[in-house]
1. Do you know the relative contact order of the range 55-109, to the nearest whole percent, from alpha carbon pairs under 8 angstrom that are 6+ apart?
2. Over the range 2-135, what is the relative contact order in percent, taking alpha-carbon pairs closer than 8 angstrom and at least six residues apart?
3. With N denoting the number of residues in the chain, provide Rg(C-alpha) divided by 2.2 N^0.38 Å, to two decimal places.
4. Would you mind classifying the range 1-78 by shape? Square roots of the alpha carbon gyration tensor eigenvalues, ordered a ≥ b ≥ c; an a/c under 1.5 is rounded, otherwise it is prolate if a/b is larger than b/c and oblate if not.
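Nothing in this text is a laboratory measurement; each read-out follows from the coordinates by a stated rule. Treat the numbers as computed from the prediction; the structure is a model and nothing was measured.
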């Protein structure tokens, strides 16, 4: 059995291995990084530690958030360092068995396909498993 912390981006449900997640919280004030790639949303101060923030909407080639909706943050461990991933909404922890896992759907193309490890078929939804190492690269 595997456990994933889930979150949404637009209509899609994503999951990150629970062992990689440090915390999930509301968005913090970000400091922009000059000349950084578009996927870098800035730096945040989490209890005295400076943490890189990646906008997953940009990374997954999705349109920007509408209106003044503030994103939420899923802080994950990447190469021993915390990295904050901006998401639309944080879900719950889901436990799934290996029998529901499949390779990434054929509908995922280009850069996005490289960021998805695979998908779990849930009762009424598809859970896309995010490769946090690739997403934070």
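1. After rounding, I find 28 percent.
2. 28 percent
3. 1.02
4. oblate
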